[in-house]
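Notes to accompany the following structure.
The values are calculated or read from the model by the stated rules, or taken from the named source; none is laboratory data. Because the structure is predicted, anything quoted here is derived from the model rather than measured. Methodologically, a virtual Cβ is constructed for each residue, glycine included, from the backbone with ideal geometry; neighbour enumeration extends over all protein chains shown.
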Amino acid sequence: MHELGIAMRIAEITAEVAKREGVRKVTEVNVDIGVLAGIVPDLLESSFEMATKDTWLEKTRLNIHLIPATAMCLMCKKQFAPDGFLTVCPGCNAFECEIVRGKELSVKSLLSEDSRE
Ligand SMILES: [Zn+2]
């Protein structure tokens with residue numbers, strides 16, 4: 001279960017950003033996760049709870065935004081929704097396709113009590 005490691009990394013990043021921006025209490029963390037990133041959102045959520053338990057981030061909510069997969073054909077540059085990792089271009093049937101979206105994992109933004117005023 002690598003979600004716990006990822007959750008801990010998210011907590012770290014959150015702490016770093018909060019410190020840099022002088023935020024005292026983070027209420028929500030927004031993360032983008034590609035559907036091909038190999039992460040189970042439910043597991044990540046419960047892992048984040050575990051990772052932040054008894055820390056100052058304990059009450060912070062993790063909002064997961066799933067990013068759909070997009071592939072691009074290297075031959076004709078057509079973009080399309082791939083069927084998993086096995087991709088064939090629907091335009092020219094080329095196998096030379098690249099996943100351009102859907103593998104991301106990034107912390108997008110933090111919501112803090114300070115910023116609600
Ligand atoms: Zn193509």
Test for Thr55: is it within 16 Å of the ligand (Cβ to nearest atom), among the polar types (S, T, N, Q) and surrounded by fewer than 18 Cβ atoms within 10 Å (Cβ to Cβ): no
Can you find a residue that is aliphatic (A, V, I, L, M) and within 28 Å of Lys19 (Cβ to Cβ) anywhere in region 97-105? yes
Would you list the strands (runs of 3 or more DSSP E) that sit entirely within region 52-117 and hold 2 or more residues that are of a type in the set (Ser, Thr, Tyr)? 105-112
Taking Ile33 as the residue in question, decide whether it is of a type in the set (Val, Ile, Thr), part of a helix (DSSP H, G or I) and more than 16 Å from Glu113 (Cα to Cα). no
Under the condition of being of a type in the set (Val, Ile, Thr) and surrounded by 16 or more Cβ atoms within 10 Å (Cβ to Cβ), which residue from region 36-52 is nearest to Arg101 (Cα to Cα)? Ile39
Exactly one of Glu49, Glu45, Glu28 is at pLDDT 95 or above, within 13 Å of the chain's Cα centre (by Cα) and among the charged types (D, E, K, R), and that one is Glu45
